[in-house]
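The values are calculated or read from the model by the stated rules, or taken from the named source; none is laboratory data. It should be emphasised that the depicted structure is a prediction, and the values quoted were computed from it without experimental measurement. Neighbour counts run over all protein chains shown; Cβ positions are idealised from the backbone, glycine included. Please note that ligands, DNA and RNA were not included when accessible areas were found on the heavy atoms of the full protein model with its side chains. Shrake-Rupley method; radii C 1.70, N 1.55, O 1.52, S 1.80 Å.
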Amino acid sequence: QVQLVESGGGLVQAGDSLRLSCAASGRTFSNYAMGWFRQAPGKEREFVAGIASNGYGTYYADSVKGRFTISRDNAKNTVILQMNSLKAEDTAVYYCAKRRSRFPGTQYGDYDTWGQGTQVTVSS
């Protein structure tokens, strides 16, 4: 069974950058699409970015397009979310998720395994 562990969150100022990492256990990581979601206090968990199993297809929420980049290294069982030009509204707990498919989805229910989350706080 795949387990996911996020890292890299923290407190930054508006305009700064952060790099989130998600380390996956297991030998089948390269078979699955991966995604990043976030959840702010009082709000539902929302899709941020997704990447196909081979890394060649990426998808982004409109709110982060042009600022965030998702990538993966299948040799290292890692998926990265590079976040640039951060805004106060990006403040949330960020979750890494695995989908039992080669192609990412944008809905919470598309994913079957989740990490514990990492807090990102952007001060304005």
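Brief remarks on what is shown
- Model label zone, residue 3; criterion: amide N under 17 Å from point 7 Å along Cα-to-beta-carbon; scope the range 19-57: 22-29
- Rounded percent of accessible protein surface that carbon and sulfur make up, the chain, 1.4 Å probe: 45 percent
- Signed unit charges on C-beta, dipole axis of the range 13-124, positive-most listed residue 116, 29, 103: 29
- Accessible area per residue for the chain, computed on protein heavy atoms with a 1.4 Å probe, is 52 Å².
- Computed label-point distance, nm, for sites residue 103 and residue 17 using a 7 Å Cα→Cβ extension: 3.2 nm
- Net dipole in debye of the chain [+1 Lys, Arg Cβ; -1 Asp, Glu Cβ; about Cα centre; nearest 20]: 340 debye
- Unit charges on C-beta of K, R, D, E only; dipole of the range 28-69, Debye: 100 debye
- Candidate residues 90, 16: accessible-area rank, largest first, probe 1.4 Å: 16, 90
- Surrounding net charge for residue 55, when Lys and Arg each add one and Asp and Glu each subtract one, Cβ distance under 9 Å: 0
- As a rough guide to protection, the peptides 49-58, 100-109 ranked by mean Cβ packing within 10 Å, highest first, stand as 49-58, 100-109.
- Along each principal axis, taking the top coordinate minus the bottom one, the Cα set of the chain gives 41, 27, 24 Å in descending order.
- Sparse packing (at most 13 other Cβ atoms within 10 Å of the Cβ) combined with a DSSP loop state is found for the following trypsin sites (Lys or Arg not before Pro) in the range 40-72: 43, 65.
- Only Cα pairs under 8 Å and 6+ residues apart enter the sum, and on that basis the relative contact order of the range 1-55 stands at 29 percent.
- Gap separating the Cα centres of the range 56-82 and the range 20-54, nearest whole Å: 9 Å
- Per-residue ³J(HN,Hα) for the range 110-117, Karplus 6.51 cos²θ - 1.76 cosθ + 1.60, θ = phi - 60°, Hz, x for Gly and Pro: 6, 10, 10, 9, 10, x, 7, x
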